[in-house]
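The values are calculated or read from the model by the stated rules, or taken from the named source; none is laboratory data. Quantities reported herein were computed from a predicted structural model and do not represent experimental measurements. Reconstructed Cβ throughout: ideal geometry from the backbone, glycine too, with neighbour counts over all protein chains shown. The accessibility values were calculated without ligands, DNA or RNA, using every heavy atom of the protein model including side chains. Shrake-Rupley method; radii C 1.70, N 1.55, O 1.52, S 1.80 Å.
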Amino acid sequence: MNETPQGTGGSAGHRTARTGGMNGLSASQKTGLAAWAALIVIQLLWYSLYPPVSIPTWVAFAITVPPLLLPLMSLPRVTRALLWVGILALFYFCHGVAETWSSANDRWLGILEIVVTLLLIGTLGAGVRRRR
């Protein structure tokens, strides 16, 4: 009997994650993917609306967007991709806190970034099941 949760390492979970499309995903995985997409959109929006003063805009995009695209390489295994994004989200959480604290103009984007990263990290915790 395979007690591995869907998409976390058992062969049945991998098969579901590869062939099931969005219908084979759990609610926490769908929420995690939506939060991942939202985090990418926030970065694009942030540096489009408030270009950095000290560095060129393309450098800001090069620093913030590509790390969020790297987990796409493991996307057929949704749980693994979300795990990598969750680890990366810790950096974006710190960035959101620092910007919320220090910048009045784009404080709303910092708060939004904090909320999205907490949602993303929370969905990772919600998808974990204890082994018996």
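Tabulated data for the structure shown
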quantity: Given (1) modelled with pLDDT of 90 or more; (2) crowded, with 19+ Cβ neighbours inside 10 Å, index of the condition residue 57 fails; calculated: (2)
quantity: Every residue from the range 90-132 that is charged (D, E, K, R) and in contact with a Gly (Cβ under 6 Å, 6 or more places away or on another chain); calculated: 99, 113
quantity: Qualifying residue in the range 14-35 (condition: open to solvent by less than 40 Å² (accessible area, probe 1.4 Å), at pLDDT 50 or above, part of a helix (DSSP H, G or I) and in contact with an Asp or Glu (Cβ under 8 Å, 6 or more places away or on another chain)); calculated: no
quantity: Residue in the range 20-27 that is small (Gly, Ala, Ser), in contact with a helix residue (DSSP H, G or I) (Cβ under 6 Å, 6 or more places away or on another chain) and in contact (Cβ under 8 Å) with a residue 24 or more places away in the chain present; calculated: no
quantity: Subset of the range 64-90 (residues that are surrounded by 15 or more Cβ atoms within 10 Å (Cβ to Cβ) and among the β-branched types (Val, Ile, Thr)); calculated: 64, 78, 79, 85
quantity: Where a residue in the range 49-77 is among the basic types (Lys, Arg) and its partner, wherever it lies, is open to solvent by 60 Å² or more (accessible area, probe 1.4 Å), with Cβ under 8 Å and at least six apart; calculated: 77/18
quantity: Residue within the range 112-127 that is surrounded by fewer than 16 Cβ atoms within 10 Å (Cβ to Cβ) and modelled with pLDDT of 95 or more present; calculated: yes
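Rundown of residues vs (1) of a type in the set (A, V, I, L, M); (2) surrounded by 15 or more Cβ atoms within 10 Å (Cβ to Cβ); (3) more than 12 Å from the chain's Cα centre (by Cα), yes/no style:
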site	(1), (2), (3)
42	yes, yes, no
45	yes, no, yes
52	no, no, yes
62	yes, no, yes
92	no, yes, no
